[in-house]
Structures are given as C-alpha cells and as structure tokens.
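Asks: One structure, as structure tokens, below. Some questions next.
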Amino acid sequence: MSEENTARIYTVNLAKAWDTPKYRRTDRVINIIKEFTQRHMQTDKVKIDQDLNRHIWSRGKKNPPRKIRLRMVKEDDDTVVVSSYIEEKRTEAESEETMSEEPVEKQVEEQKEDKVELEEEPVEKQVEDQKEDNVQAKQKEKSK
C-alpha cells in the first residue's frame, strides 16, 4: 500500500439497530459501524473517534441516530480511524459574493448606501413609537 493515508466518506444507515431491544440499541450501532468499516476498508483494526462516540451516545442508550456520515482514514499500519464527517456548507450570501462579477469597491459602496438609508430615520420618531407602545400596553393591563 502507498505511504499516503486513504480517506473515504460514507453515509451509514443504522436502522438495523432498531431490530435489537431498546436497551442495546446504541451498543448495536457501534458494532454496525465497526462491521461496516471492516467490510469497506478490508481491515480488522478499527478505532472509533472520541467525538463520534460522544455523538452516538449523546441521545442515550435507547435512541441512537438513524444514520450518520462518517470519514474513514486508513493509516499505514492498517488501522482505520472512524470519525464523524461534517460538510462545510457555504451560505448563499458567501457564494453570491464570490460569484458576483462586481468589483469589491462597488459592493462596499452599496453596503454604505444601505446603512445610510437605515440611519436616516430620526431618533425622535423611534422614541415616540416606543412611548406609544408603552401606553397601549398599560391600557391593555388596566382593561384586564
């Protein structure tokens, strides 16, 4: 085998654990993960990451997750380390910023204009609105 570690990402269905009694479900999930890893990575040496173990046991012994996304890394000594895989999903705003063709200067100017528009409302009007809300709330309390 090459000197580089091989890493694979799988989604494992853990529904078979519900065929066992409630008080053994999470134990069964751990065994399902180990069996899956042995079958797909062709090795008997499997280690489960501490964070993955905590995630599986976080909901107790009777209610483990139904499926889980795993990252399996095979090391040089044929040991496989299994850890949870969390995809970094980019927000729409970030993707729009990177995809837009406008220069950064124009984007900054537009943001400044938006802020100026928001700040144009006088503070006095905001205070008056709050006073009106307080008066209405007091009237409702008195009517009760």
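Bear in mind these aren't lab numbers, they're just calculated from the coordinates by the rules spelled out. This structure is a prediction, so every number in the text was calculated from the model and none was measured. For neighbour counting, all protein chains shown are included, and Cβ atoms are generated from backbone atoms with ideal geometry for every residue, glycine included.
Asks: Looking at the stretch 19-35, which of its residues are free of Cβ contacts under 8 Å to residues at least 40 places away in the same chain and farther than 20 Å from LYS45 by Cα?
Replies: ASP19, THR20, PRO21, TYR23, ARG24, ARG25, THR26
Asks: So for the stretch 4-24 (the condition being over 18 Å from SER84 (Cα atoms) and touching a Phe, Trp or Tyr at 6+ places or on another chain (Cβ under 8 Å)), does at least one residue qualify?
Replies: So the first thing to find is which residues in the stretch 4-24 are over 18 Å from SER84 (Cα atoms), and the list is 4, 16-24.
From what's left, touching a Phe, Trp or Tyr at 6+ places or on another chain (Cβ under 8 Å): none.
Within the stretch 4-24, not a single residue is over 18 Å from SER84 (Cα atoms) and touching a Phe, Trp or Tyr at 6+ places or on another chain (Cβ under 8 Å).
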